[in-house]
Amino acid sequence: MRVGGSAGLGTLVSACAFEPDLDHAGPQAPHVIALLRPVRTAWVFSSGGPRGFVHVGVVKGLAELGLVPDLLVGASVGALVAALYASGRPALAIEQMALDLQLMGLGRLAMGGEERFSGSAIADLVRSEVGGLGLERLRIPFACVAARRKDAVVVGFNAGDTGLAVQASCAIEGQFTPVRIRGDQYVDADLYQPLPVRLARQLGATRVLAVDASAHEDRAPASAARYRDTDLKKRALTEMDARLADVTLHPDFGYYVSLSREFRERAIAAGYRATLAAAKPLAALHHFA
């Protein structure tokens, strides 16, 4: 964050979040309701930080193939992309947004919070992009995945404030303040169920496309050895869900990540290519006699 000039104080204040542990308990607070329609095909988008730009390429490819799910399920960055697509935003518009987005502006200083940053700017961004629609009013049913901090129970919010639900889904432990909803704190599910296929199955999905944005640790360069333990822990979590999916896409676009435009373009392109390469199994996944 850069602060300077006559607008410096205003910029500083606007980039701060006060009462970061405010309890959201009103009728629009995210909650879970019964799905209104049966679920056959679900798309599940994983967590993954900057690697999550791959989801943008996947939805671009899926849209080009003319495929539509009965349910979207997203965790963390996967929830952000899924929310936009579920609202009816065109894939190409999401791609342009992803390329133009100033990611450093999504973290506000959390005044009085244990963590340094609040993700309230993420909530504001999502509310704006989906036109203020609540989760239950999105064009495609969407379960926004977050973990209840006290017991690590994974929850798929599908009603209430879409922006707040995505903020909770993106609340990386130790970095972003948890989001308190009806007395309980919710955080990013990355440490518990980063590829929530099990949740999609619990919601009734009979066919599942899983998009895994995690690293390809088996092709990591020697210089990445210090990250190997973390990568293997993540793989142990994603594998148990990937095995439950009918089709899993795990695009490869190199090991290291950045926030540069070149990296974003490369990740999006990898997701797009992987999707088109799997056109036949994806079409079969969505075809019901």
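The values are calculated or read from the model by the stated rules, or taken from the named source; none is laboratory data. These figures come from a predicted structure and were not determined experimentally. Every residue, glycine among them, receives a Cβ derived from its backbone with ideal geometry; neighbour counts consider all protein chains shown. Side chains are part of the model used for accessible areas, which takes the heavy atoms of the whole protein and leaves out ligands, DNA and RNA. Shrake-Rupley method; radii C 1.70, N 1.55, O 1.52, S 1.80 Å.
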Given the options Asp218, Asp252, name the one that is closer than 20 Å to Val81 by Cα, of a type outside the set (Ser, Thr, Tyr) and surrounded by fewer than 18 Cβ atoms within 10 Å (Cβ to Cβ). Asp252
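If I filter the range 184-232 down to residues being touching a strand residue (DSSP E or B) at 6+ places or on another chain (Cβ under 9 Å), of a type in the set (D, E, K, R) and in a helix (DSSP H, G or I), which single residue comes out as farthest from Asp246 (Cα to Cα)?
Asp190
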Just name the residue that is farthest from Glu265 (Cα to Cα) out of those in the range 84-99 that are not aliphatic (A, V, I, L, M) and not in a loop (DSSP other than H, G, I, E, B). Tyr85
If you go through the range 274-287 one residue at a time, do you hit one that is farther than 14 Å from His216 by Cα and not in a helix (DSSP H, G or I)? yes
Scanning the range 138-175 residue by residue, those farther than 24 Å from Val208 by Cβ and open to solvent by 40 Å² or more (accessible area, probe 1.4 Å) turn out to be Arg149, Lys150, Asp151, Ile172, Glu173, Gly174, Gln175
Mind listing whichever residues of the range 165-183 are in contact (Cβ under 8 Å) with a residue 60 or more places away in the chain, outside any helix (DSSP H, G or I) and among the hydrophobic types (A, V, I, L, M, F, W, C)? Cys170, Ile172, Phe176, Val179, Ile181
Does the range 46-72 hold any residues that are within 19 Å of Leu125 (Cα to Cα) and among the hydrophobic types (A, V, I, L, M, F, W, C), and which are they? Phe53, Val56
Checking Glu239 against (1) open to solvent by 40 Å² or more (accessible area, probe 1.4 Å); (2) at pLDDT 95 or above; (3) over 26 Å from Leu199 (Cβ atoms): exactly one of these is not met. Which one? (3)
Residues Ser258, Ser223, Ser214: which one is more than 20 Å from Ser76 (Cα to Cα) and either under 16 Å from the mean Cα position of the chain (by Cα) or of a type outside the set (Asp, Glu) (or both)? Ser223
Here the residues within the range 261-276 that are open to solvent by 20 Å² or more (accessible area, probe 1.4 Å) and either touching a helix residue (DSSP H, G or I) at 6+ places or on another chain (Cβ under 9 Å) or among the aromatic types (Phe, Trp, Tyr) (or both) are Arg261, Glu265, Arg266, Ala269, Tyr272, Arg273, Ala274, Leu276
Mind listing whichever residues of the range 201-251 are of a type in the set (Gly, Ala, Ser) and in contact with a helix residue (DSSP H, G or I) (Cβ under 9 Å, 6 or more places away or on another chain)? Ala205, Ala210, Ala213, Ser214, Ala215, Ala220, Ala224, Ala242, Ala245
If Gly119 satisfies all but one of (1) closer than 19 Å to Ser47 by Cα; (2) at pLDDT 95 or above, what's the number of the condition it fails? (2)
For the range 202-210, indicate whether the set of residues that are open to solvent by 30 Å² or more (accessible area, probe 1.4 Å) and within 16 Å of the chain's Cα centre (by Cα) is non-empty. no
If I ask for residues that are closer than 20 Å to Gln202 by Cβ, in a helix (DSSP H, G or I) and touching a His at 6+ places or on another chain (Cβ under 9 Å), which ones from the range 136-164 would you list? none
